[in-house]
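Taken together, the values in this text are just the output of simple stated rules run on the coordinates, not laboratory data. A quick note: this is a predicted structure, and the numbers were derived from the prediction, not measured. A quick note on method: Cβ atoms are made from the backbone with ideal geometry, for glycine too, and the neighbour counts reach across all protein chains shown.
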Amino acid sequence: MYNSISISLGEMVLKGKNRGQFEKKLNNQINKVIKGKDLNYYRDRGKVFIDTIDELEGVIKDLKNVFGIVYVTPCYKTGRDLETIKESVIKVMEWKRENEKIKTFKIVSKRADKSYPFMSMDLNKELGGTVLKHFGDLNVDVHNPDITINLDLRSECYIFTEKFKGTGGLPLGSNGEGLVLLSGGIDSPVASYMMARRGVKLSCVTFHAYPFTSERANDKVRTLTERLSVFCGKIELFYVNILDIYKEIKEKCPDDQITIIARRFMMKIGEKIAENRDLDFLITGESLGQVASQTAKSMSVIDSSVELPILRPLVGMDKTEIIEIARNIGTYEDSIQPYEDCCSVFSPKHPQTKPKKNKILESESHLDVDALINDAIEKMTREVIS
Amino acid sequence: MIYLDNAATTKINEKSLEKFVFSNKNHYGNPSSLHSYGYICEKALKKSRKIIGKIIKASSDEVFFTSGGTESNNIAIFGSIKEYEGSEVIYSDIDHPSIIGPVIELRKKGVVTIPVNTDNSGYIDIDDLEGKLNSKTALCIFTHVNSELGTLQDMKKICNIIKNNNSNTRIHFDCVQSFGKVSIDVSQCKVDTLSFSGHKIHGPKGIGGIYARKGIKVNPIVFGGGQEKGLRAGTEPLPLIESFAEAVLLRVEIMDYEYERILNLRNKLIMGLKNSIEDIRINSAEKYSPYILNISIKDIKGEVLLHYLERDEIFISTGSACSSKDGSVDNVVSRLGSEKSYSDGTIRMSFGMYNDETENNIVLEKVTGYVNEIREITRGR
């Protein structure tokens, strides 16, 4: 029955002069959804439409994952003259009644094109009368109807009865590019999603310590990245082995500083990767107070290791809130697979929770930091996940 | 490649593989079909059953084919309990997940499940067992050779104690790690059911069986076309069965010789490891299967050593491969009683027919080298 999809855009419609840029990014994402499907999208007074019958379900499913879209609505596109609209409303009602028990209804018209000769209220009454007369056994219920038939009047008339919530946010790539420090845990995939939802295009780096950690731990990160790519498109994923760095830290620095110094190394490596690719910031899944390296003091010492901003979208969230999002975006089940990441293998029994920057710098002075970083980056491997 | 994870699964031997291909090409008929080709296949099935029965001194009508050890354990456990409510089942809580899993299910159905005490080597405490047996004991479930430590239980003695207490009590032994490796004679002991598997003895994966003493009734858990005398419905996978039988024939031929050869390999490896590595413990019982060697090395995480060795294509195991992904499983290793600095460093090397002394020497050299390297890193300054 449905022959078109209407796409409602979110807060990007509030953008002023930059709106064109946001729309361009969104168009790219919509193009990816319909690629290879012999479909086109077009605009009709602010909304985006795709006419399709055969591909309707699949396209709707994919559009629901596109950032910047708040609603995806399957609709029946028809002409604007009153008789055609009347016939179409009856057709839609007949179709809906094939599978649903409908006794009451309501008509809601909206005119995006204000030049349309009927006012919305008049149109509702006229069409309501038509339906009542045609079916005989239906009643109008404006408060709690079994079905609401919506009419969206633009250059054509779009009739719909249901709409699906999209992810909202801003179109991917409309807000810069960031490098996520992605572990196999619950938090960093959620942080990735939240930043991507604000329009950030993502690349990811994961740190491992093979053979101290398992190759399966990398597999887990790959799987998580694949899940993220459903929303975030193509993602460049870097694997960095930092076993040699851990060895040096373990040998030359106090045990309780291992975690914090290792984190500083990760940031520095991240910064270098980001600089080489002109990325704008680093992203982590840190949440204040969750573990030793995520206290305010630790974060401050970690921040001072790099010049690039470190964005922490989860910093004020509780674990339960983070888990809820992880479940919704489908990363939770993979995140809880029991493979150790490099942080846990080398974590000391009593890591510092209030590190002093000068003491950390003193410890780092015993290490050839640049050489270690360069070596790790040289041996880094890369994979494009889509 | 040096494969020392034969307790998890083994490489199929050439003859079994050839038989599998042959059977797929020539015996693809259904043994239940009435036509003469079905009859040819039925004869091949009977022949295989006979071969497999013979190695444990059972008659062919006491052998039933299943998909493997886990299914056999499930059939033996669920199929031996007549009434759930009020029945008691005795088991050992260091058993394989394919026993613990069904036992947990029995508990949910109202069966009283009673674990018998074991010592640090995994031996069943006979006095404790005797104390727990009574007229309500419907089933006792034990493992002949423990898959992690290699501990060998005295099946005959345990069966006598149980049957002397209550001749109606069913006895099931999981013989997956002992079948074809250690001598089993069902005619000499009072075991009612035992389970075995093809892929632990260089046979194909996906085939195993259950021995059920003649005259006892085991209820099926899968229903259908009545194959395997109704105990395990489903068309018999003849190519797997014939291939399995071929592996058993090979075991009959080489079992005693292999036992001595593997024992020798194991002893040499133990001696070498003890001489070259400080603070190493051999986790072995007094009576054991030589096919499994379990050791603990101080200050070494078993998984880290495993990953170091895999880079040289040497494959060992930490816990049992069936459970090592699940850190929550209370396996026998976690009960060794040693301090954490040792128990974290527990590894299992399990031997098969393709391991030899040359490999032993390489393993010894590599393990020694990596233990030193890992200790240097983890012990730090």
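Span-like helix criteria (full DSSP H runs; alpha carbon extent of at least 18 Å along the helix axis; mean Kyte-Doolittle hydropathy of at least -0.5) are satisfied in chain A by A:120-135, A:258-276. A simple spin-label model places pseudo-atoms 7 Å from Cα toward Cβ; at B:Asn267 and A:Glu215 they are separated by 3.7 nm. The Kirkwood radius of the protein assembly as shown, taken over pairs of alpha-carbon atoms, gives through the Stokes-Einstein law at 10 °C and 1.306 mPa s a diffusion coefficient of 50 µm² s⁻¹. By the scheme Lys and Arg +1, Asp and Glu -1, what is the net charge of all other residues having a beta-carbon under 10 Å from that of A:Glu333? The answer is +1.
The loop-placed trypsin sites (Lys or Arg not before Pro) in the range B:55-137, going by DSSP, that have at most 15 neighbouring Cβ atoms within 10 Å of their Cβ come out as B:Lys57, B:Lys82, B:Lys109, B:Lys136. A Cβ-based charge dipole, computed about the Cα centre of chain B with Lys and Arg at +1 and Asp and Glu at -1, lands at about 1060 debye. Please list, ordered by chain and number, the residues whose modelled amide H lies under 5 Å from the amide H of A:Cys204; skip anything fewer than 5 residues away on the same chain. Those lying under 5 Å, H to H, from A:Cys204 are A:Val180, A:Glu236, A:Leu237, A:Phe238.
Pairwise Cα distances in the range A:48-87 exceed 12 Å in 64 percent of cases. Each of A:Met12, A:Met1 was scored by other Cβ atoms within 10 Å of its Cβ. Arranged with the fewest first, they read A:Met1, A:Met12.
Among beta bridges identified by DSSP and lying wholly in the protein assembly as shown, the antiparallel ones come to about 55 percent. Between A:Asn241, A:Ser120, A:Ile273, the Cα set farthest toward the positive side of the dipole of chain A (charges on each charged residue's Cβ, about the Cα centre) is that of A:Ser120. Listed cross-link partners B:Lys190/B:Lys217; A:Lys61/A:Lys165; A:Lys106/A:Lys165; B:Lys25/B:Lys200; A:Lys252/A:Lys356; A:Lys15/A:Lys163 are compared with a 19 Å cut-off, the Cα-Cα value being larger for A:Lys106/A:Lys165; B:Lys25/B:Lys200; A:Lys15/A:Lys163.
Rg ratio for the range A:189-268: its Cα radius of gyration over 2.2 N^0.38 Å, N being its residue count, equals 1.28. Spin-label pair A:Asn18-B:Asp312: with each label point 7 Å from Cα along the Cα-Cβ axis, the two points sit 5.8 nm from one another.
Along the charge dipole of the range A:252-367, Cβ charges K/R +1 and D/E -1, which of A:Cys253, A:Ile323, A:Ser293 sits furthest on the positive end? The Cα lying farthest towards the positive end belongs to A:Cys253. DSSP beta bridges fully contained in chain A are about 55 percent antiparallel. Given R₀ = 25 Å, FRET efficiency for B:Lys340-B:Thr368 by Cβ-Cβ distance, to 0.05? Here the calculated transfer efficiency is 0.65. Length, then width, then depth: along the principal axes, the Cα atoms of the range A:236-386 run 45, 34, 30 Å. Alpha carbon centre of the range A:52-102 versus the range A:151-177: separation in Å? First find each Cα centre; the distance between them is then 14 Å. Label point 7 Å out from A:Glu55 along Cα-to-Cβ: which residues of the range A:1-15 have amide N under 19 Å? It comes to A:1-8, nothing else. Charge tally around B:Glu42: other residues with Cβ under 12 Å, Lys/Arg +1 each, Asp/Glu -1 each, net +3. Take the Cα of A:Glu126, step 7 Å toward its Cβ, do the same at B:Asn275, and the gap between the two points is 10.3 nm. Considering only B:Ser121, B:Ser92, B:Val111, and ranking their Cα positions along the charge dipole of the range B:91-140 that arises from unit charges at the beta-carbon of Lys, Arg, Asp and Glu, the one farthest toward the positive end is B:Val111. Distance from the C-alpha centroid of the range B:132-203 to that of the range B:269-323: 27 Å, rounded to the whole angstrom. Within chain B, the whole DSSP H helices whose Cα atoms reach 24 Å or more along their own axis and whose mean Kyte-Doolittle score is at least -0.5 are B:36-55, B:238-276. Over chain A, with a Gaussian network built from C-alpha contacts below 10 Å, which listed residue (A:Glu87, A:Glu324, A:Glu100) shows the highest mean-square fluctuation? Among A:Glu87, A:Glu324, A:Glu100, the largest GNM mean-square fluctuation belongs to A:Glu100. With all projection directions averaged, the alpha carbon convex hull of chain A covers 22.6 nm².
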